[in-house]
1. Using a Debye calculation, one point per C-alpha and no hydration shell, please list log10 I(q)/I(0) for the stretch 468-562 at q = 0.18, 0.25 Å⁻¹ in order.
2. Around Leu457, under 10 Å between beta carbons, what's the net of Lys plus Arg minus Asp minus Glu among the other residues?
3. If I histogram all Cα-Cα distances within the stretch 417-496 using bins 10 Å wide from 0, what percent of pairs lands in each bin?
4. Go through Thr496, Leu313, Tyr384 and say which Cα lies farthest out towards the positive end of the charge dipole of the chain; charges sit on Cβ, +1 for Lys and Arg, -1 for Asp and Glu.
5. Kindly provide the trypsin sites (Lys or Arg not before Pro) of the stretch 479-534 that DSSP labels as loop, not H, G, I, E or B, and whose Cβ sees at most 10 other Cβ atoms within 10 Å.
6. Please report the base-10 log of the normalised intensity I(q)/I(0) for the stretch 106-233, using a Debye sum with one equal scatterer per alpha carbon and no solvent, at each q in 0.15 (1/Å).
7. Please compute, over every Cα-Cα pair in the stretch 25-139, the percentage with a separation greater than 25 angstrom.
8. Quick one: grab the alpha carbon gyration tensor of the stretch 396-459, order the square roots of its eigenvalues as a ≥ b ≥ c, and give me rounded if a/c is under 1.5, else prolate or oblate depending on whether a/b is larger than b/c.
Amino acid sequence: MPPRIFSLFKPAGKPVAGEALPEQIQRARAMHSQGRLEAAAELCREILAAHPGVADVHYIQANVLKDLGRLQAALADYDRAIALKPDFAHAVCNRAVVLGLLGRLPEALAAYDRALQIDAGDVLAHCNRGALLLRLGQDAEALACFDAAIALRGDFFQAHFSRGALLQKKREWAAALASYDRATAINPNDVATYCNRGSVLAELNRWEAALADYDRAIALDPTFHRAHAGRAAALHCQKRLIAALESHDRAIELNPNEASTHNNRGVVLLELGRLDAALASFERALAAKPDYAKAHFNHGSVLQRLDRLDAALASYERAIAANPQYADAHVNRGTVLGAMGRLADAMASYEQAIRVDPELGEAYYNLALAALKTGDMCRGWVNYEWRWRAQTGPIFREKRDFAQPLWLGDSHIGGKTILVYGEQGLGDSLQFCRYVPLVAKLGARVILEVPKPLVSLCTTLGGTTEVVAYGSPLPEFDFQCPMMSLPLVFETRLETIPSSSSYVSSDIKKVVSWQQQLGRKLKPRIGLTWSGNQTAGTNRNRHFSLSMLRPYLSDDFQYFCMQTDIAEADRNTLAQHPEIRCFSSALRDFSDTAALCECMDLVISVDTSVAHLSGALGRPTWVLLAFDADWRWLLDREDSPWYPSMRLFRQQSPGDWSGVFERVRAQLRSRLLNATAD
């Protein structure tokens, strides 16, 4: 909040017959102080008609005219008062206030300087001069003014308040808090101080103390909308979303035209998953402030979540038009363009974001994904290292803080022990553990750390000395490398992807056990996975309901559910279709799933860890991909350079799973049945 200006106006119809001039002047001051402005103005005119050379009356009339909003006329009367009385400090200072209100800031500053030449001990002049310097962007000089006022009068509330506001603007939270503490000690009933102090406490993550200050402000003035809005923000930061929404609603009730409150309310609704209501809040923010870049950005985010890509793109472009330096808007614009298949435009948008903010991890990370999707792995792997600094990136865990040095191929590791660890999902670990044998060939002893469900399976991977579960105690090692950095280490290009037909193996005993459990094979067996991890943020583009797929499943085949995470609706579908056999309770880890894969003639899966498992085993695998598929599946290909046994079926337009199912059904009949007949 900008520092408030305490005006220096010191207010005193017709003169009463026989009344002396001093009494008339005093009566005019009294009328001004009582708010009887028109009567005071009329009395001043009557006095000046009889006594035109009285400086004090011109001064009082100027004060009245200022309060009536007649600033030019007020300025003329201050000038007359000063002409009559050149050392009239109050008139000079109030003239500075009016010049500031008129936007004539250099002249106002000169007037304050003159007032302080006349009276260097005028604390109001020091304080108001500081407020003007703030408007001129001269923060250091403004702070000196507030300090000068405090030195003259230690209990001057406005100087402490203004000093706190300046330090708050400079993000010097502790110093700002100290100034506000002093201000509240002087005046414990000032609403704005508690409100500003609450904002500082929130910046210090002292949420309960911030809420207490907002509550004090509201108790003093229940209609102070800024306190309700600040309270909502503090509740939001504590993830108390319903309470935050209620406070936003109260703030809007008190001030329905405050764009930021509508915007912040929309963010709460977005986190609550109430997308339509969030969209309406952002639209109200934009109605109040059409060039509000943040609201355009948030509006675009909701539209993007709703898959309304054209509208989302337009919102991001409006955000950029309002603020061309809005790096996050350039990034999100790029993600929409990428989802629309316009990868060259997407990369240009990410590059613009980087020009605006060369340290923005999301921009580099998204640029990496776009480059990898186009097959430009040289550019892709380098920029993929920014994933650690992208808040919306793929890392499931905190970046590991190892004492041992990071190895990116820049050191000789022959005879050394290196920890290679998975940092992302199960599918990523399955896809990129293929690099472990290449590390071992450099003469290193390799310790592989993976999520616990993969430990047993990964012991079959060539080149590993030891496989440990994430979270278990680690043995001694000399170097460390995250698994997804290995393509950079080995300078992987499309033509050099290590893509052997299989690189992990199933447990033969478990395969035999599954064969016995499945019984005699009467028809070709197909394993099905239709949904990824229900809690993963990426699952939205790689799942469909089993009920959508079921009408396309021919009775010519036997079907087996190969996923363990099953939504309630899909469980109901499975109960209605017992011909789809489900063994989810028996799939304790991926070695069990691998053995079941070996019993299948074909695995059909969306982009999940099961697809990677089946491909890593070298089993026939068909992967069903959304229109905006993950980078690893490249563009417009039906095969995968990562998995020779894999075939890809892509949506031809966003959301078109039925077209994918039709092609799968046709290919099943022409390929699998014919192959079985042969």
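1. So the normalised log intensities are -1.18, -1.21.
2. Details: positive: none; negative: Asp507, Asp589, Asp592.
Charge balance near Leu457 sits at -3.
3. The percentages, shortest bin first, are 19, 58, 21, 1.
4. With unit charges placed on the Cβ atoms, the residue in question is Thr496.
5. Details: sites: Arg493, Lys509, Lys510, Arg520, Lys521, Arg525; in loops: Arg493, Arg520, Lys521.
Listed in order of number, the matching sites are Arg520.
6. -0.70
7. Numbers: 1400 of 6555 pairs.
Tail fraction, whole percent: 21.
8. Working: a/c = 2.06, a/b = 1.33, b/c = 1.55.
Oblate is the answer for the stretch 396-459, as a/c is 1.5 or above yet b/c matches or exceeds a/b.
Only the coordinates and a few stated rules stand behind these numbers; no lab work does. Please read these numbers as outputs of a predicted model, since none were measured by experiment. Every residue, glycine as well, gets a Cβ built from its backbone with ideal geometry; the counts of neighbours run over all protein chains shown.
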